[in-house]
Amino acid sequence: MIAVIQPSRPVGPVRPPCSKSQAHRALFCAYAAGGGQASLPDESADLRATKRVIDALETGSGGADCGASGSTLRFALPFALMTGRPFTFTGEERLFERPMDVYERLCARHGWQYDPAPGHLTVCGTMGAGQYDLGDCASSQFLTGMMLALGSLPERSTIRFDALPSAPYIGLTAHVMARFGCRPSLRERSVTVGGGYTPAAFTPEGDWSQAAVWAAMGALGGDVTLENMNDDSLQGDRIIVLRLKQMGADVDRHRFRGGVLRALDFDCTDCPDLAPVAAAVACFCEGETRILNAGRLRVKESDRAHALVTIINDLGGAAQDCGDCLLIRPIRPTGGETRSFGDHRIAMAAALIGCFAAGPVTLRGAEAVEKSYPAFWDHLSSLGVRVTLHED
């Protein structure tokens, strides 16, 4: 699908979808509790993937399609290792190119089956309560998966780890688990879990990673009010509010207005999903912006470091890939044509640029937003942004 975004001033209220991070966790907790409910007012492709895998675990069908969802695969794999039966995960090939070394090492250490191939992965194990050492984790999702699965057992388990990026997500995992009666004990380099879950009802709050693009549109010169957002959220991406304030935006709780923003370096370590928004905003700031620790972006749904530099340059801006750092110069994009790289967050970053570029932006692969935010283009139009969609 092709989207054409005309330069427009976004104005009005918008209600971002429910937190995908909370929803994934709540679905697995409800499954492990043998009941309860995670109420999902809206569903993305990723959440449908998690539901498919949970259904396969419940029915013992032996496998399921994860689509392109890294959370689904990494959260479900430890549950599959507890069944004692082979389980085959399928999905898009890019999903299985993303790091899975933590689980590969774990299976090798315990003599469990770990059989990867393009487009699928088969595992089989007899994981029970005990002590597990994950070493360096390329993503907090590995630790979350182990916490969710081992938390379902009556006995206590201790999970040790070394380096852990995206640390705020572990606090989020512990919060959702606690809502289902399982309270992890968090320490600097270990987590102790166990005791099982109890059925509960859980409604995820609004998603700050998705809200960030709307907040940025307001801060760059629009007037956007976010609805259904939690000021006290444990979502790490809530930091976008503080960042935009520091850059000079006019922020009144959930209302974002602005105009001229000052450049501010952005570190990807704890909030990599905000990097596409930060890079898009940087095109319109006063001064150069560095996106630091950008190596984390290379193993997402796309090589996001490469994709961000490409779309900015395609659209007449100025960005440079410096390895672990992206450099964005303050040159207003002129508009033009680019592509999403099949990545939902790249598509949304391109839409953000399109609102404030000098000319229209044509985006190929606009359907990528279905992964996390199916209503994105409708919501963009509701803010008065002129968008046309048509088949490629």
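The values are calculated or read from the model by the stated rules, or taken from the named source; none is laboratory data. Not measured: the values here are computed from a predicted model. Backbone-built Cβ (ideal geometry, glycine too); neighbour counts: all protein chains shown.
Observations on the model:
- Taken over segment 264-278, the residue count meeting the criterion of being within 15 Å of Asp303 (Cα to Cα) and among the polar types (S, T, N, Q) is 0.
- Count of segment 35-55 residues which are of a type outside the set (A, V, I, L, M) and either at pLDDT below 80 or touching a helix residue (DSSP H, G or I) at 6+ places or on another chain (Cβ under 7 Å) (or both): 9
- Any hit, segment 240-256, residues being of a type in the set (Val, Ile, Thr) and closer than 30 Å to Thr72 by Cα: yes
- The set of residues in segment 164-188 that are in a helix (DSSP H, G or I) and either touching an Asp or Glu at 6+ places or on another chain (Cβ under 6 Å) or of a type in the set (Ser, Thr, Tyr) (or both) comprises Pro168, Tyr169, Thr173.
- Among the residues listed as Arg9, Arg98, the single one being under 20 Å from the mean Cα position of the chain (by Cα) and among the basic types (Lys, Arg): Arg98
- On inspection, Ala368 fails the criterion of being modelled with pLDDT of 95 or more and within 24 Å of Phe266 (Cα to Cα).
- Within the option set Thr203, Thr198, being over 24 Å from the mean Cα position of the chain (by Cα), surrounded by fewer than 17 Cβ atoms within 10 Å (Cβ to Cβ) and hydroxyl-bearing (Ser, Thr, Tyr) holds for one residue only, Thr198.
- Complete set of residues in segment 234-247 that are surrounded by 17 or more Cβ atoms within 10 Å (Cβ to Cβ) and either touching a strand residue (DSSP E or B) at 6+ places or on another chain (Cβ under 8 Å) or within 18 Å of Leu383 (Cα to Cα) (or both): Val241, Arg243, Leu244, Met247
- Pro116 vs. criteria out of contact with any helix residue (DSSP H, G or I) (no Cβ under 8 Å at 6 or more places or on another chain) and more than 30 Å from Leu292 (Cα to Cα): no
- Lone unmet requirement of (1) at positive phi; (2) surrounded by fewer than 16 Cβ atoms within 10 Å (Cβ to Cβ); (3) not hydrophobic (A, V, I, L, M, F, W, C) for Gly221: (2)
- Residues of segment 42-64 that are surrounded by 16 or more Cβ atoms within 10 Å (Cβ to Cβ) and hydroxyl-bearing (Ser, Thr, Tyr): Ser44, Thr50.
- Residue, modelled with the highest pLDDT, within segment 260-317, restricted to residues that are of a type in the set (Val, Ile, Thr) and farther than 17 Å from Ile346 by Cα: Thr289
- In the set (1) exposed (fewer than 15 other Cβ atoms within 10 Å of the Cβ); (2) closer than 23 Å to Ala347 by Cβ, Gln210 fails one condition alone, (1).
- Subset tally (residues that are under 18 Å from the mean Cα position of the chain (by Cα) and in a loop (DSSP other than H, G, I, E, B)) for segment 325-357: 4
- Against the test of being in contact with a helix residue (DSSP H, G or I) (Cβ under 6 Å, 6 or more places away or on another chain), buried (at least 24 other Cβ atoms within 10 Å of the Cβ) and in contact (Cβ under 8 Å) with a residue 24 or more places away in the chain, the options Ala305, Ala294, Ala278 yield a single qualifying residue, Ala294.
- Scan of segment 146-163 for residues that are under 17 Å from Arg187 (Cα atoms) and in a helix (DSSP H, G or I), ordered by number: Met146, Met147, Leu148, Leu150
- Answer residue from segment 145-170, given it is small (Gly, Ala, Ser) and at pLDDT 95 or above and is surrounded by the most Cβ atoms within 10 Å (Cβ to Cβ) among those: Gly151
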